[in-house]
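What follows is one structure encoded as structure tokens, with my remarks underneath.
The values are calculated or read from the model by the stated rules, or taken from the named source; none is laboratory data. Only a predicted model underlies this, so the values are computations on that prediction, with no experimental measurement involved. A quick note on method: Cβ atoms are made from the backbone with ideal geometry, for glycine too, and the neighbour counts reach across all protein chains shown. Accessible surface areas use protein heavy atoms only, side chains included; no ligands, DNA or RNA. Shrake-Rupley method; radii C 1.70, N 1.55, O 1.52, S 1.80 Å.
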Amino acid sequence: MPQKTLTDGTRTGAVEAPPGASTKRWWILAVVAVAQLMVVLDATIVNIALPSAQADLGFSDGNRQWIVTAYALAFASLLLLGGRIADLFGRKPAFLIGVVGFAAVSALGGAANGFGMLVTARALQGAFGALLAPAALSLLNTTFTDARERAKAFSVYGAIAGAGGAVGLLLGGVLTDAFDWRWTLYVNVAIAVVAFVGGWLLLSNHRDASNSKLDVPGTVLVAAGLFSLVYGFSNAETHDWSSPATWGFLIAGGVLLAAFAWWQTRSAHPLLPLRILLDRNRAASYLAVLISGAGMFGVFLFLTYYLQLNLGFSPTKTGVAFLPMVAALMVAAQLGTTALVPRIGPKAVIPLGFAIAAVGMAWLTGIGVGSDYTSAVLPQLIVIGLGLGLVMPPAMQLATGGVAAEDAGVASATVNAMQQVGGSIGTALLNTLAASAATDYLAGKDPSNKLVQAQATIESYTTAFWWSAGFFAAGTVIAFLMYRRGVPQQDADAPQVIHM
């Protein structure tokens, strides 16, 4: 029977959930899932529309990356601040303001009349997303306290987090083909209306950390550190690794994040209480999310290139081609969170998921210039989806489970930050490695020969897939070594909250 926790941290004893609470919780899940989908798909939905936007607004190839990078920079650097704001001032207002702000700047981006306006809108999307994403996940964490219901809820949430990139590719392709690139941004307004109305009607406000204060020095250090880290990896795509614009920012990011960790041990009101990171399963889960983010990039980006440029798929057909992976991921997410982890624990399930994903990525390296989607891509995508479905949702559940209510927002923000930083690392490393592989293949050959050019692109894709398989293989070992044996036990003394 759940206990009710007041905002001052005291527990009033066992209380019955209000009538209809169970039904209301599932509606809250639906609202949170819609909001999370909006944030996650926006990391990829614009990618397919970029060529059309570039032709319409007339910006250069060099500037094109900033449409994607501006979102990633703002989102990653402000996540911990957004999570703490939700803890301090209430998750409902943080959620609603995030939804409204995200919709407003999406409309601004859709109406952009130039590069500057579009890149500003994308940066503001990232900022409001950094407020919305941790508020959504912490709402889920504090709403579902029954272990069985919580597992089901996180299977849905984790599947959306893992498959949102593929959904973004599909939706971006459909909207670009049917209308134009601006609708990849305008569509957020329609999604936001659903999320806002549902949040307004279903959520109530709780400020579990209302007695704390915002850690301003910590906020500045972690925001600057994450910005520098993501910016440095982003520069690796357009600059050499030896460029100060790359290694300089990477070093600065590392120093700033080290200073942030030091400050958190001394701050009276730390932005990221280190007690959140000291739990072994939780730390392992954060690493699992980071590695998943880095490895998944090889699937979404390079396979999109292969399907469109080599197999001649349209943007819509490319998005549809990813759907079997999404379906497999959702099935495995339900199986992993509700059946396997509660019975045999994460030490067996999450390494197994990484191993399956690694096999799928290695299998995908068999593509060729004249390969067929049905035999050379489809089975591999299904295997990868099954593997990631056993990793992402259970890891997200374990990363936020068992934290005190006043830390739910910042713990949730850390999950999102790990996924975003992992994606940035994957972007930089795989792009660089793929480009080097293509260059090496062309050495001593006639670059004007179309067959040689096509084979060079295949070499670049398969190199990226091999490295993604390597990321997942490393995840297998790390997860096996770090997760504790046995089934995670819910702390009987931990405060249980029903926040609706």
inquiry  = Please enumerate, by chain and number, the lysines with C-alpha under 18 Å from the C-alpha of residue 24, excluding those fewer than 8 residues away in the same chain.
reply    = 4, 92, 152
ask   = What angle do you read, to the nearest 10 degrees and between 0 and 90, between the alpha-carbon axis of helix 280-297 and the longest principal axis of the chain?
value = 30
ask   = Taking only Cα atoms, what is the 0 to 90° angle, nearest 10, from helix 61-89's long axis to the longest principal axis of the chain?
value = 10
task = Note the angle between two axes, namely the Cα long axis of helix 91-110 and the longest principal axis of the Cα atoms of the chain, as a number of degrees from 0 to 90, rounded to the nearest 10.
result = 20
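Any idea of the accessible area per residue across the range 301-415, 1.4 Å probe, to the nearest Å²?
Value for the range 301-415: 31 Å² per residue.
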ask   = How much area per residue is accessible in the range 128-266 when the probe is 1.4 Å and only protein heavy atoms are counted (Å²)?
value = 40
request  = Specify which labelled value, from (i) 2.21; (ii) 1.22; (iii) 0.94, agrees with Cα Rg over 2.2 N^0.38 Å derived from the coordinates of the model shown.
outcome  = (iii)
Within the chain: Cβ-based charge dipole about Cα centre, in debye rounded to nearest 20 (Lys, Arg +1; Asp, Glu -1) = 980
query = Which of the lysines could a cross-linker span from residue 450 if the Cα-Cα distance has to be under 30 Å and same-chain partners fewer than 8 positions apart are dropped?
reply = 317
inquiry  = Suppose only helical runs count, i.e. DSSP H with n ≥ 4. What mean residue ellipticity at 222 nm does that imply for the chain under -39500 (n - 2.57) per run, divided by all residues and rounded to the nearest 500 deg cm²/dmol?
reply    = -25000 deg cm²/dmol
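Using the Cα centre as the reference, give the magnitude of the dipole from point charges on the C-beta atoms of the range 370-500 (Lys, Arg: +1; Asp, Glu: -1; all else neutral), rounded to the nearest 20 debye. Mind dumping the intermediate values first?
Values: 4 positive and 8 negative charges, 56 e Å.
Dipole about the Cα centre, nearest 20: 260 debye.
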request  = State the percentage of accessible surface on the chain attributable to carbon and sulfur atoms; use a 1.4 Å probe and exclude ligands, DNA and RNA.
outcome  = 67
query = How far apart, in nm, are two points set 7 Å out from the Cα along the Cα-to-Cβ line at residue 443 and at residue 277?
reply = 4.0
